[in-house]
Amino acid sequence: MNSIANEQTVENIIQTLIALPEFLRKSVLEGRIKEFFSLGAQDKHEIVLGVLQSISSFEEKKISVLVKTWLEVLSNFDAAQIVEMLRLYCQEIRNDPVIIQRIPVRAITNVFYVVEETKKQKLADCLKETILSFPDKDRIINLIPEEGLDVLGMK
C-alpha cells in the first residue's frame with residue numbers, strides 16, 4: 001500500500017472511531033486490535049506509521065477520547081501483545097523522531113492519568129519493558145517529552 005493511501009485510510013478509520021459512541025468504539029477497537037495482531041510485520045508497521053502521521057490532523061480533544069478508549073482496550077490484552085504493539089510505535093518514532101513533535105503528548109499523558117490504576121500500571125510496565133528492550137534505549141528515552149517520562153516514572 002502506498003503511504004499516501006495508507007495515511008488517508010488510517011485517517012478515515014480514526015475519524016470513524018472518534019465519531020462512534022464509546023461502547024461501540026470499544027467494541028470496534030477491540031476487533032481492530034485483534035486483527036492487527038494477525039497481520040504481517042510490514043502491514044503492522046504501515047498501520048502504526050499511518051496512525052503516527054495522521055494523529056496531528058485531529059483536534060486534541062478528539063484524540064484524547066480515542067486514546068483513552070484505545071488504552072483501556074489495549075490494557076485487556078496479553079502483556080506480550082501490548083509490548084509488541086508499543087515496540088512498533090517506538091520503532092517508528094525512533095526512525096522518524098520528528099513524529100513525536102507532532103503528537104499531542106500532554107493530552108495523551110493527561111488521558112493516561114484517568115485510566116483505571118491497574119490498567120495504567122500494566123500499560124506503564126509494558127511501555128517501560130518496551131523502551132528498555134531496545135539496544136539504543138537512551139536514544140528512545142531522549143525522544144520522549146518530559147510529560148511522558150514523568151507519567152512513566154522515568155524522569
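The values are calculated or read from the model by the stated rules, or taken from the named source; none is laboratory data. Every value quoted in this text rests on a predicted model; they were computed, and no experiment measured them. No Cβ is skipped: glycine too gets one built from the backbone with ideal geometry, and neighbour counts run over all protein chains shown.
For the reader, a short list of remarks on this structure follows.
- Listed by first and then second residue, the pairs linking a residue in region 140-155 that is without any contact (Cβ under 8 Å) to a residue 12 or more places away in the chain to a residue that is part of a loop (DSSP other than H, G, I, E, B), with Cβ atoms under 8 Å apart and 6 or more places separating them unless they lie on different chains, are GLU146/LYS155; LEU149/LYS155.
- Under the condition of being among the hydrophobic types (A, V, I, L, M, F, W, C), in a helix (DSSP H, G or I) and under 19 Å from TRP70 (Cβ atoms), the residues counted in region 132-153 number 2.
- The residue list ALA124, ALA41, ALA79 contains one member that is touching a Cys at 6+ places or on another chain (Cβ under 7 Å), of a type in the set (A, V, I, L, M, F, W, C) and surrounded by fewer than 18 Cβ atoms within 10 Å (Cβ to Cβ), which is ALA79.
- Verdict on ILE100 being touching a Cys at 6+ places or on another chain (Cβ under 6 Å) and closer than 29 Å to THR16 by Cβ: no
- Condition broken by ARG106, with the remaining ones in (1) at pLDDT 90 or above; (2) surrounded by fewer than 18 Cβ atoms within 10 Å (Cβ to Cβ) satisfied: (1)
One line per residue, one yes/no per condition, for (1) closer than 25 Å to THR109 by Cβ; (2) of a type in the set (S, T, N, Q); (3) touching a Phe, Trp or Tyr at 6+ places or on another chain (Cβ under 8 Å):
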| position | (1), (2), (3) |
| --- | --- |
| VAL10 | yes, no, no |
| LEU39 | no, no, no |
| ASP43 | no, no, no |
| GLU46 | no, no, no |
| SER56 | yes, yes, no |
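- Test: residue in region 17-24 that is surrounded by 15 or more Cβ atoms within 10 Å (Cβ to Cβ), in contact (Cβ under 8 Å) with a residue 24 or more places away in the chain and part of a loop (DSSP other than H, G, I, E, B): no
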